[in-house]
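What follows is one structure encoded as C-alpha cells, with my remarks underneath.
No lab work stands behind these numbers, since they all come straight from the coordinates. Keep in mind the model is a prediction, meaning the values are calculated, not measured. Counting neighbours? That spans all protein chains shown, and the Cβs are built from the backbone with ideal geometry, glycine included.
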Amino acid sequence: MAIQFSGLASGMDTGAIIEQLMNLERLPLARLETDKTWMNNRLSAFSELNTKLTSFKDNIKTLGDQDALQQRSIKQSSDDFLTASVSSEALAGTNYQVEVVALAQAQKSVSAAGFSSKESSNFGTGSLNLTVDGSSHAIEISSENNSLEGIMAAINEADIGVSAAIINDGSDTPYRLLLTGETVGQSFSLDPSGLTGGSDSLGVIEDETGTVNPPVQEATRAHIRVDTIDIYGDSNTLKEAIPGVTLDLLQAEADTTTNLSVSLDKNAIKDNIKAFAKGYNEVVSFITGQSVINGEGGGLLGGDSGINSIKRHLQSMLTTPLKNSGTLNTMSELGFETQKDGTLKVNDKILDKAVDENLDSVVTLLSGEGEKEGLAAQFQDYLDSMTNATTGMLAGRKQSITSNVKRIDKRIEISEMRLEQRKKTLEAQFSAMETLVSGFNAQSSYLSQQMASITNIMNYGSRN
C-alpha cells in the first residue's frame with residue numbers, strides 16, 4: 001500500500017478534511033443502523049413475551065386435568081416391604097392393612113455337574129427335551145453345537161419361555177448351565193437323555209417330581225393379604241389389589257403388615273391452581289412494563305396494539321362467567337383478586353374454602369363437563385393461538401420486522417457503495433487540487449527567481 005502525505009502543496013490537512021466530510025455523508029447511514037438495532041431489539045422483546053406466554057401455558061397444562069384436580073396422596077407406616085402410589089380413582093379417607101406373604105419370582109435351575117470348558121465339551125448328538133408348564137419341546141443338538149455354549153444358544157434360539165446362560169462357580173470344573181423361566185410361576189425341566197455318543201453328561205435338571213437337581217429358586221406368584229383377603233399376582237407390581245393404588249412389592253415377611261392411608265392431597269390441588277396466577281402475573285407484568293403510563297415508562301413494545309389486546313383478553317377471560325352445573329362460574333370465585341397493577345393475588349381463605357367444601361364445582365369450572373370446555377381449556381386454547389409457530393403473535397411480528405430489517409440492510413449496502421465512491425471522488429479532487437497548487441507554487445518560485453535576477457542586473461548596472 002502506497003504511503004500518502006496530504007496537504008504537502010497546500011499546507012492543508014486534506015486527509016482530515018475528507019474524513020470530516022465523510023462523517024457528514026455517513027449521518028443518514030448511522031440513522032439506518034440505529035433503526036436496524038431498534039427493530040432487532042424489538043424482535044427480542046416480542047420473543048421474550050412469547051416465552052412468557054409459553055411458560056404460562058406450561059404452568060396450566062394440568063389445570064384442567066380432573067386427575068390433577070382430585071389428586072390423592074398416600075401414607076404408609078413402613079417402606080420396608082412395599083411402596084405405594086395412588087391415582088385419583090383411589091377412595092379418599094380409606095385405610096388398608098397389607099401383608100406381603102410372598103414375592104413373585106421365576107424358576108431358576110442349574111446343572112449339577114460342572115465342566116472345565118464351555119467351548120470344547122462334548123454332550124453327544126440328538127435332542128434335548130425341555131418341558132415348560134407341561135408342554136414338551138425337542139431341541140435338536142448336532143455335532144456343530146454339542147458344546148455347553150452350543151446348547152445354551154440352541155435353548156435361547158428355541159424361544160420357548162426359558163432362557164439359558166453359563167455361570168462360572170470358581171471350581172476346577174467351573175462352567176455350569178443356568179436356566180431361568182421368563183415368566184413368574186412358570187415351571188420347567190430339562191431331560192438330556194436323548195443325547196447319545198458324547199463324553200460329557202449334562203444331567204437331568206428338575207424332573208417332574210422335583211427330586212433330581214431341584215431349582216435353586218422355585219417359581220412362585222406374588223401373594224399379599226389386604227385386610228385379611230388373599231390376593232395373588234404374576235408380578236411384583238399389583239395394580240388392582242386396592243382400587244386406584246399401585247403396589248410395588250419389595251420384601252416378603254409373613255404376619256407383618258403395612259398400614260396404608262389414602263387422603264385427598266389438597267395442597268397439591270391448590271398449588272396447581274396457584275400456578276395459574278404465577279404464569280398470568282409474569283405475562284401481565286411484562287406487558288404493563290412496556291406501556292407508557294401517565295407519560296412515564298414504556299418499553300420497546302410500547303404502543304403496540306397487539307400486546308395490549310393480549311392483556312385485555314386475559315383480563316376479560318378472568319371475569320367471563322362459565323355456565324355449568326356447579327356453583328362456581330368465574331375464576332375470581334377460586335380466590336383470584338386483581339391488583340392495581342393488573343396482577344393477581346390468591347386469597348388463600350377463599351381458595352381453601354372452595355377446595356375443602358366444593359371441590360366438585362372447582363373441577364367442573366376448570367375441566368368442563370360433557371363436551372363443554374372448562375376455563376382451563378379456554379385459556380390453553382387462547383395461549384396456543386398466541387404462541388403458534390406459524391400463526392401466533394411472534395410469528396406475525398417476526399415476519400414484519402425481518403422484512404423491514406432486510407430492506408434496511410439493502411439500503412445500508414447501497415449507501416456503503418455510494419460512500420466508498422464518494423470518498424474516492426473527494427480524494428481525487430483534493431489530489432488534483434494539490435497537484436494544481438504544487439504547479440502554482442513551482443511557477444511562483446520560478447517567477448520569484450526571475451525577478452530576483454532582473455533586480456540584481458539592474459542594481460549592477462546602476463553602480464556602473
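For residue 378 and residue 271, what does the FRET efficiency come to when R0 = 35 Å and r is the distance between their Cβ atoms, rounded to the nearest 0.05? Efficiency at R0 = 35 Å is approximately 0.95.
Its relative contact order, with pairs defined as Cα atoms under 8 Å and 6+ residues apart, puts the stretch 267-386 at 21 percent. Kirkwood radius for the stretch 52-120, taken over all pairs of different Cα atoms as the inverse mean of 1/r, rounds to 18.0 Å. For the residue pairs 270/398; 274/398; 311/410; 311/349; 57/345; 75/345, alpha carbon separations beyond 29 Å are given by 270/398; 274/398; 311/410; 75/345. For the stretch 102-181, GluC sites (Glu not before Pro) are listed when DSSP marks them as loop and at most 16 other Cβ atoms sit within 10 Å of their Cβ; the list is 119, 144. Note on the stretch 108-196: Cα Rg divided by 2.2 N^0.38 Å, N the number of residues, gives 1.03. For the stretch 33-184, the relative contact order comes to 19 percent (Cα pairs under 8 Å, sequence separation of at least 6). In the stretch 247-330, the alpha-carbon atoms span a convex hull of 210 Å³ per residue. For the chain, the spread of Cα positions along the three principal axes, ordered from largest to smallest, is 160, 78, 36 Å. Database remark: amide H of residue 368 closer than 5 angstrom to the amide H of 374, 375 (H placed geometrically; neighbours at sequence offset of 5 or more, or on other chains; Pro and chain starts carry no H). Taking Cβ atoms as reference points and 12 Å as the exclusive limit, the residues near residue 173 contribute a net charge of -1, counting Lys and Arg as +1 and Asp and Glu as -1.
You can think of it this way: the chain between residue 48 and residue 431 has 132.5 nm of extra reach, that is 0.36 nm per residue less the Cα-Cα gap.
The Kirkwood hydrodynamic radius of the stretch 267-386, based on inverse pair distances between different Cα atoms, is 15.4 Å.
Look at where the Cα atoms of the stretch 259-285 and of the stretch 185-207 average out, and the two centres are 62 Å apart.
Normalising the average separation of contacting C-alpha pairs (under 8 angstrom, six or more residues apart) by the number of residues puts the relative contact order of the chain at 22 percent.
Beyond 22 Å between alpha-carbons counts as too far, so tell me which of 61/372; 61/266; 52/406 fall in that bin. In this structure, 52/406 lie more than 22 Å apart at Cα.
If R0 is 51 Å, the Cβ-Cβ spacing of residue 21 and residue 338 corresponds to a FRET efficiency of close to 0.30. Modelled spin-label separation between residue 127 and residue 449, with each label point placed 7 Å from Cα along the Cα-to-Cβ direction: 12.8 nm.
Beyond 24 Å, what percent of the Cα pairs of the stretch 308-464 remain? Cα-Cα pairs of the stretch 308-464 separated by over 24 Å account for 68 percent.
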